[in-house]
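Let me begin by presenting the structure, written as structure tokens, before commenting on it.
The values are calculated or read from the model by the stated rules, or taken from the named source; none is laboratory data. Everything quoted here is computed from the prediction, not taken from an experiment. With ideal geometry, Cβ positions are generated from the backbone for all residues, glycine too; neighbour counts draw on all protein chains shown. We work out accessible area using only protein heavy atoms, side chains counted, and drop any ligands, DNA or RNA first. Shrake-Rupley method; radii C 1.70, N 1.55, O 1.52, S 1.80 Å.
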Amino acid sequence: MKYLSFGAGVQTTAILFLYPKIQFEEVIFADTGVELPETYEYIDRYIKPFIEENGLKFTIVRGNEKSITSLEDYCLYYRIIPSIRLRWCTDKYKLKPIFKYLKTKKERPITAILGISYEEKHRAIKSPYDWYITEYPLIELKMTRENCKRVIEKKGYPIPPKSGCFFCPFQSKKEWQELYFHHPDLYERAIKLEENSQQFENFRLLPNGVSLKKLQLRFGYGNHRLEEYESEMNCELKSYCGV
């Protein structure tokens, strides 16, 4: 059995659209429940029809820690947030759900097609298990991320949005800013998640320790409420200038 470990990003989308040049029978997507809306829309609009047209199987797996299937709900329940150093979220809501599903399969060995592109070949590791084999077709084909984009466009599809949870601590400041302006409701949920954490005073989603609530003050003034700036105003006569 060969399956594509589908992350919904540029690399694994390119591998999918290279089928049948790259062979696999099943596409497995570990859904954390907190991908960006654009990712879910791209899957529904382009990925699922392509898979159906090519007679492939599409399987969605989810984490199930104490019957909690959403990473967001898990974080709220245990009052924790994802960590760049530990990456427990990837383990619990990506890797474990896939392995749990694969263990129900009778076919052996199982080969995983993984989407690591050529410029990141140092990330490729050999599986320690006899029953589980890893393959990296993009590395074998010497395809970079930019090559993957060209493959997708050549097939007539738009480039997929960057995949990842909306409160991922690996996001750049620009990505947080885009989340704030394009999905303010999700940004507010990320703030709630961060402030709900037991370690909020010492540990936050941004690596520099700045809180999401404070970060939003740096994103511009266009659509902000005045009370968001209340703490920034020290002028005792601020009411006289209309603020």
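Listing for the model above:
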quantity: Test result for ILE43, closer than 15 Å to ALA8 by Cα and modelled with pLDDT of 95 or more; calculated: yes
quantity: The one condition in (1) farther than 27 Å from GLU120 by Cβ; (2) in contact (Cβ under 8 Å) with a residue 40 or more places away in the chain; (3) open to solvent by less than 40 Å² (accessible area, probe 1.4 Å) that ASP73 fails to fulfil; calculated: (3)
quantity: Some residue of the stretch 169-177 being farther than 16 Å from LEU217 by Cα and among the acidic types (Asp, Glu); calculated: no
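For every residue, the table says whether it meets (1) over 18 Å from the mean Cα position of the chain (by Cα); (2) open to solvent by less than 60 Å² (accessible area, probe 1.4 Å); (3) at pLDDT 95 or above.
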| site | (1), (2), (3) |
| --- | --- |
| VAL27 | no, yes, yes |
| ASP31 | no, yes, yes |
| GLU35 | no, yes, yes |
| GLU53 | yes, no, yes |
| ARG62 | no, no, yes |
| THR69 | no, no, no |
| ARG79 | yes, no, yes |
| LEU86 | no, no, no |
| PRO97 | no, yes, yes |
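Residues checked against (1) touching a helix residue (DSSP H, G or I) at 6+ places or on another chain (Cβ under 7 Å); (2) among the polar types (S, T, N, Q):
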{"position": "LYS2", "(1), (2)": "no, no"}
{"position": "PHE6", "(1), (2)": "yes, no"}
{"position": "LEU18", "(1), (2)": "yes, no"}
{"position": "GLN23", "(1), (2)": "no, yes"}
{"position": "ASP31", "(1), (2)": "no, no"}
{"position": "VAL34", "(1), (2)": "yes, no"}
{"position": "PRO37", "(1), (2)": "no, no"}
{"position": "GLY55", "(1), (2)": "no, no"}
{"position": "PHE58", "(1), (2)": "yes, no"}
